1. Tell me, what HN-Hα J-couplings in whole Hz come from the Karplus equation 6.51 cos²θ - 1.76 cosθ + 1.60 at θ = phi - 60° for each residue of the stretch 24-38, using x for Gly and Pro?
2. Rg and Dmax in Å for the stretch 1-79, alpha carbons only: what are they?
3. By its C-alpha gyration tensor, with a ≥ b ≥ c as the square roots of the eigenvalues, how is the stretch 85-202 shaped: rounded for a/c under 1.5, else prolate for a/b larger than b/c, else oblate?
4. What chymotrypsin sites (Phe, Trp or Tyr not before Pro) does the stretch 145-204 have in DSSP loop regions with at most 16 other beta carbons within 10 Å?
5. Count charges around residue 85 for me, please; just the other residues with Cβ under 13 Å from its Cβ, Lys/Arg as +1, Asp/Glu as -1.
6. Taking only C-alpha pairs under 8 Å that are 6+ residues apart, what is the relative contact order of the stretch 11-210 in percent?
7. Could you line up 74, 48 from fewest to most neighbouring Cβ atoms inside 10 Å?
8. Report ³J(HN,Hα) in whole Hz for each residue of the stretch 102-117, in order, from the Karplus equation J = 6.51 cos²θ - 1.76 cosθ + 1.60 where θ = phi - 60°; Gly and Pro get x.
Amino acid sequence: MARAPYAAPRVSVVLPTYNREAVLPTAIATVLDQTVPVHELLVVDDGSTDGTAAVVDRIAGHDPRVRYLHQPNSGASAARNRGIAEASGDVIAFQDSDDLWRLTFLETLLPHLGPDRLVFGSHVLHSRDGSSHVVPRGMVTDPVRVLRRRNIASTQTIVADAGLLARIGFDTALRRFQDWDLCLAVLAVPGARVVHVPRVVADVRREADSISEGSAAVRDQALRTVFRKHRRQFLRDPVALARIVLRAWGRPFLRGLVGLDPPRPRPRTGPVPVAPGPRS
């Protein structure tokens, strides 16, 4: 009798990394110590120049589930796509070297998985200033509507059908919002579903040298790309349309409107007046 893949799925975990040897062992440990054992962990080294290879080799020497893959520096999306292509599991989950899975990550999310389905949990976002908050807050009863309006998923909280991910993959042109783009792409697949589980499954740290960090210009360009790719979905929801257009194109206009950026003086077009000299 054939094995039902979603009754006891083989889980492949893809972890892209770049020059994170100091924090990588802790992130790997949260994957290998899951209450539901993983089938394999693929660490995709995106061209690191530090001791990442030695760190992974040392861990793999004690746990054969760990596989080390190296590639020239190509970005987080390309690294994740490499992992998807190399994975042998029925389902695929993602971890980042900066972040920590709760040890019940898989135990919490796997029961909600199925064919052509992407499942994500909540996470605690730890900011550089020491503050933290849960994302998303509370129960998301309509993830389709909410995802069209804002990004509530994080790659480190996602587990999905391997076949679905193989068909979609990550957009290598995007340097930000790869997780949001992936969820919107899944929503566009006939019969596919995105499901939110309202339990915290990961701790995500916002680091200055994170593989997914970038400037405001990078952020705005990524927002515009997401809008152009998923225009039809945004057009179905006027609120979603207004939000992304204002975020991607409206910042300078809005800042001037509320007086944060004072108007610049117009250049003079006529002769420059000369101040009168002192009277004799």
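No value in this document is a laboratory result; all are computed from the given coordinates. Model, not experiment: these values are computed from the prediction. Ideal geometry is used to build each Cβ from the backbone, glycine not excepted, and the neighbour counts take in all protein chains shown.
1. With coefficients 6.51, -1.76 and 1.60, one gets 4, x, 5, 4, 4, 4, 5, 7, 6, 9, 4, 5, 10, x, 7 Hz.
2. 13.8, 48
3. Details: a/c = 1.36, a/b = 1.31, b/c = 1.04.
Judged from the Cα gyration tensor, the stretch 85-202 comes out rounded (a/c under 1.5).
4. Passing both the DSSP loop test and the Cβ count: no residue.
5. Its environment carries a net charge of +3.
6. Numbers: 432 pairs, mean separation 52.0, N = 200.
Reported relative contact order: 26 percent.
7. 74, 48
8. Couplings: 5, 5, 9, 3, 5, 4, 6, 8, 4, x, 9, 8, x, x, 6, 10 Hz.
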